[in-house]
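This report concerns only the one structure given below.
The values are calculated or read from the model by the stated rules, or taken from the named source; none is laboratory data. If you're wondering where the values come from, they're calculated on a predicted model, not measured in any experiment. Please note: Cβ atoms are built from the backbone with ideal geometry, for glycine as well, and neighbour counts cover all protein chains shown. Remember, those area values only see protein heavy atoms, side chains included, never the ligands or the DNA or RNA. Shrake-Rupley method; radii C 1.70, N 1.55, O 1.52, S 1.80 Å.
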Amino acid sequence: MSSAGLPQGTVPKLERPGPLRERVYEALLELITTRALRPGQHLVESELAGHLGVSRQPVREALQRLNTEGWVDLRPAQGAFVHEPAEEEADQLLSVRTLLEAEAARLAAAHSGRPGIEALEELCARGEQAVADDDVDLAVATNAAFHAKVMELAGNVVLSELAAQVDRRVRWYYTPVARQRGTRSWTEHRELIAAIASRDERRATEVMRAHTEHTRQTYHLREQS
């Protein structure tokens with residue numbers, strides 16, 4: 001397995017002000033989420049510390065926390081490795097995501113006004129441009145922003161908190177299939193916007209459920225394409 005080498009310029013040096021331990025944790029989590037650090041990759045403390053411009057201690061603490069949260073596997077006598085999710089693990093999380101997002105779409109259709117619709121349209125246009133430019137990182141980030149906006153428009157704090165707990169893992173699973181989903185994903189987003197704009201709760205629920213299920217299915221078929 002490869003070590004923690006990263007393309008030059010991928011990781012900016014962390015600034016010293018602020019809680020360094022937390023910033024190192026967030027930096028490593030973001031690198032894992034975006035797959036700059038790939039599943040199964042060996043994480044060498046000294047290399048990561050060098051990339052981040054910090055000592056090994058906050059890196060070691062961050063890796064221990066990431067291990068507790070299931071992002072990193074600490075193996076005796078071998079070291080730390082980015083967790084490799086099993087198919088069942090991904091399936092369970094993406095299925096839960098479908099339930100949360102479908103309810104959010106229904107509530108968004110019930111409550112959204114014109115400003116919310118315009119915000120979704122703007123994000124959709126940005127995502128479509130990212131796909132046209134083959135900018136996978138921007139497409140993934142904009143996809144996350146679009147779904148977060150739908151969740152915000154739902155106006156349910158508890159639902160938003162639950163969704164936030166799975167958001168980063170959703171991005172983790174979505175990244176390797178973002179290019180495959182491509183234009184179709186944003187076409188589905190357009191269909192969702194139309195349903196929300198027309199205040200059709202049932203249609204919004206159906207579109208979002210189908211949309212998230214397409215992502216789940218694409219993830220499981222990714223190795224065959």
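Going through segment 107-139 one residue at a time, which ones are open to solvent by 20 Å² or more (accessible area, probe 1.4 Å), farther than 19 Å from ASP167 by Cβ and in contact (Cβ under 8 Å) with a residue 24 or more places away in the chain?
Of everything in segment 107-139, those that are open to solvent by 20 Å² or more (accessible area, probe 1.4 Å), farther than 19 Å from ASP167 by Cβ and in contact (Cβ under 8 Å) with a residue 24 or more places away in the chain turn out to be ALA110, HIS111, GLU121, GLU128, VAL131, ASP134.
Right, GLN41: modelled with pLDDT of 95 or more, over 30 Å from ASN156 (Cβ atoms) and over 21 Å from the mean Cα position of the chain (by Cα) or not? Lay out the reasoning, then the answer.
Details: modelled with pLDDT of 95 or more: yes; over 30 Å from ASN156 (Cβ atoms): yes; over 21 Å from the mean Cα position of the chain (by Cα): no.
So GLN41 fails the test.
Any idea which residue in segment 23-60 is nearest to ALA80 (Cα to Cα), counting only those that are among the hydroxyl-bearing types (Ser, Thr, Tyr) and either in contact with a Ser or Thr (Cβ under 9 Å, 6 or more places away or on another chain) or open to solvent by less than 40 Å² (accessible area, probe 1.4 Å) (or both)?
The initial filter retains those residues of segment 23-60 that are among the hydroxyl-bearing types (Ser, Thr, Tyr), namely 25, 33-34, 46, 55.
In the following step, the residues that additionally are either in contact with a Ser or Thr (Cβ under 9 Å, 6 or more places away or on another chain) or open to solvent by less than 40 Å² (accessible area, probe 1.4 Å) (or both) were identified as 25, 33-34.
On the way: TYR25: 14, THR33: 16, THR34: 18 Å.
The extreme case among them is TYR25.
Among the basic types (Lys, Arg), over 18 Å from ASP91 (Cα atoms) and assigned to a helix (DSSP H, G or I): does that describe ARG190? I'd like the intermediate steps shown before the answer.
Working: among the basic types (Lys, Arg): yes; over 18 Å from ASP91 (Cα atoms): yes; assigned to a helix (DSSP H, G or I): yes.
Spelling it out, ARG190 is indeed among the basic types (Lys, Arg), over 18 Å from ASP91 (Cα atoms) and assigned to a helix (DSSP H, G or I).
With the requirement that a residue be surrounded by 16 or more Cβ atoms within 10 Å (Cβ to Cβ) and either of a type in the set (Phe, Trp, Tyr) or within 22 Å of ILE32 (Cβ to Cβ) (or both), what does segment 169-203 give you?
ARG169, VAL170, ARG171, TRP172, TYR173, TYR174, THR175, PRO176, VAL177, ALA178, ARG181, TRP186
In segment 146-159, what residues are open to solvent by less than 40 Å² (accessible area, probe 1.4 Å) and either within 16 Å of HIS211 (Cα to Cα) or of a type in the set (Ser, Thr, Tyr) (or both)?
Hits for segment 146-159 are PHE146, HIS147, VAL150, MET151.
Contact list please: Cβ distance under 9 Å, first residue in segment 44-57 and over 24 Å from ALA77 (Cβ atoms), second residue open to solvent by 70 Å² or more (accessible area, probe 1.4 Å) and assigned to a helix (DSSP H, G or I), pairs at least six apart or on different chains.
Taking only residues 6 or more apart or on different chains, the pairs are LEU52/ARG23; VAL54/ARG23.
Output the residues belonging to segment 17-61 that are part of a helix (DSSP H, G or I), under 23 Å from LEU138 (Cβ atoms) and among the polar types (S, T, N, Q). Break it down stepwise before answering.
If we filter segment 17-61 for residues that are part of a helix (DSSP H, G or I), which is where we start, we get 20-33, 45-52, 56-61.
If we keep only those that are under 23 Å from LEU138 (Cβ atoms) as well, we get 26-33, 51.
Hit for segment 17-61 is THR33, nothing else.
So which of ASP91, ASP73 ends up being open to solvent by 30 Å² or more (accessible area, probe 1.4 Å), within 25 Å of ARG222 (Cβ to Cβ) and touching a strand residue (DSSP E or B) at 6+ places or on another chain (Cβ under 8 Å)? Even if it seems obvious, please write down each step before you answer.
Working: ASP91 fails: touching a strand residue (DSSP E or B) at 6+ places or on another chain (Cβ under 8 Å).
Unique residue meeting the criteria: ASP73.
For GLN64, state whether it is surrounded by fewer than 18 Cβ atoms within 10 Å (Cβ to Cβ), farther than 24 Å from PRO176 by Cβ and polar (S, T, N, Q). Spell out the reasoning first.
Details: surrounded by fewer than 18 Cβ atoms within 10 Å (Cβ to Cβ): yes; farther than 24 Å from PRO176 by Cβ: yes; polar (S, T, N, Q): yes.
So GLN64 fits the description; yes.
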